[in-house]
Amino acid sequence: WKKLIKIAVSGAAGMISNHLLFKLASGEVFGPDQPIALKLLGSERSFQALEGVAMELEDSLYPLLREVSIGVNPYEVFEDVEWALLVGAKPRGPGMERSNLLDINGQIFAEQGKALNAVASRNVKVIVVGNPCNTNSLICLKNAPNIPAKNFHALTRLDENRAKCQLALKAGVFYDKVSNMTIWGNHSTTQVPDFLNARINGLPVKEVIKDHKWLEEEFTEKIQKRGGVLIQKWGRSSAASTAVSVVDAIKSLVTPTPEGDWFSSGVYTTGNPYGIAEDLVFSMPCRSKGDGDYELVKDVVFDDYLLKKIRKTEAELLAEKRCVAHLIGE
Ligand code: NDP
């Protein structure tokens, strides 16, 4: 057996976690020979529900799940964790301004960043799911100066998966034929699903899908708004597919990226080769050797359409950053 790894999950009583925790416990994420401990972070208000989740996990008799613990203090829950999956966040209420939401959630992520800085493994990998996830991730990393900024991610993998699915449907191929799919920028309606660099059966998308108007107008908007459309239909936000995409995001970091391909993640922009503003968390194309780390892909191309869209999502993230200046020491 490998050495036990400790994984913290916040918002553990919520809907996404209800799928995610069982995937982690089953071994499908870290492998069938990797024992894990799950450390669930909740709040006073969710404590009973957290106890219920822990009971269900225990009753499932997963052979790899060696410990389940629950808590409301991030300084206890994050102790020695090697992964922190930060799902919990306050949802946007009716009439709530975006800046309000940024502030309320920012406080949560500032505190969690400080706690990670104090007690987590020095090499902890952090995936922020709770929205607005890019800016929450930026706040978190700024409050954890002793942990490499490179270790923080904002989840845009669900957007990547959605984009691959729509391209595959349009081209009439199975979705495993779509590769090199980048989501640029913010996990919001300004995100940019990049059909210029994406490939279908190894060919540029624009050579396979000749309807370029569809790509520029329908496809792009469909991906940008898919989360909202799903909320309208379901009456709640995507939970199962989000959990699947968290699993995909972790697997992409712990297994070598297939030759020639890449994946998207919201990562720290400082030192990026694309000319994107420094000091943001921005979704970009990444490759991994499978050691939990990543490097940015260099051989991507840009055209006017793509650059214009990237500037728009960059401007949105810069505006979000200004709203939380007080939480990032600026
Ligand atoms: P739920 O509402 O089911 O659960 C979220 C958890 O967040 C709750 O259990 C609650 O836990 C916690 N929470 C709620 N309010 C607060 C607060 N004020 N402070 C701290 N924690 C709070 O939501 P989901 O699981 O469906 O979604 C979780 C997050 O993920 C949301 O922010 C959502 O927008 C985001 N999301 C992100 C996606 C992405 O692709 N990046 C896709 C889909 C969703 P407790 O009571 O224990 O604090």
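The values are calculated or read from the model by the stated rules, or taken from the named source; none is laboratory data. On a predicted model such as this, the values are computed, not experimentally measured, just so you know. Quick reminder, even Gly has a Cβ in these numbers, built from the backbone with ideal geometry, and neighbours come from all protein chains shown. The area values use the complete protein model at the heavy-atom level, side chains included, leaving out ligands, DNA and RNA. Shrake-Rupley method; radii C 1.70, N 1.55, O 1.52, S 1.80 Å.
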Just report the Cα centroid separation between segment 35-58 and segment 64-89, whole Å. 9
Against the rule of thumb 2.2 N^0.38 Å, how large the Cα Rg of segment 173-248 comes out: 1.19
Taking His212, His326, His187, His153 and ranking on accessible area (1.4 Å, protein atoms only), highest first, one gets His326, His212, His187, His153
Run the helix sum for the chain: -39,500 (n - 2.57) per DSSP H stretch of 4+ residues, divided by residue count, reported at 222 nm to the nearest 500 deg cm²/dmol. -12500 deg cm²/dmol
With only alpha-carbon pairs counted, each pair once and no self-pairs, how large is the Kirkwood hydrodynamic radius of segment 109-199 in angstroms? 14.5
Alpha carbon Rg of segment 69-112, scaled by the compact-globule rule 2.2 N^0.38 Å: 1.39
Would you mind giving the three semi-axes, in whole Å and largest first, of the ellipsoid equivalent to the chain according to its Cα gyration tensor? 31, 23, 19
With a 1.4 Å probe and all protein chains kept in place, how much accessible area does Thr270 have, in Å² rounded to the nearest 10? 70
Please report the accessible area of Arg226 (heavy atoms, 1.4 Å probe, ligands and nucleic acids excluded) in Å², nearest 10. 80
For the pair Leu61 and Val229, what calculated FRET efficiency results from E = 1/(1 + (r/R0)^6), where r is the Cβ-Cβ distance and R0 = 51 Å, to the nearest 0.05? 0.85
Stokes-Einstein diffusion coefficient for segment 116-256 at 10 °C in a medium of 1.306 mPa s, Rh from the Kirkwood formula over Cα pairs: what value in µm²/s? 97
If you place +1 on the Cβ of every Lys and Arg and -1 on the Cβ of every Asp and Glu, how big does the dipole about the Cα centre of segment 1-59 come out, in debye to the nearest 20? 320
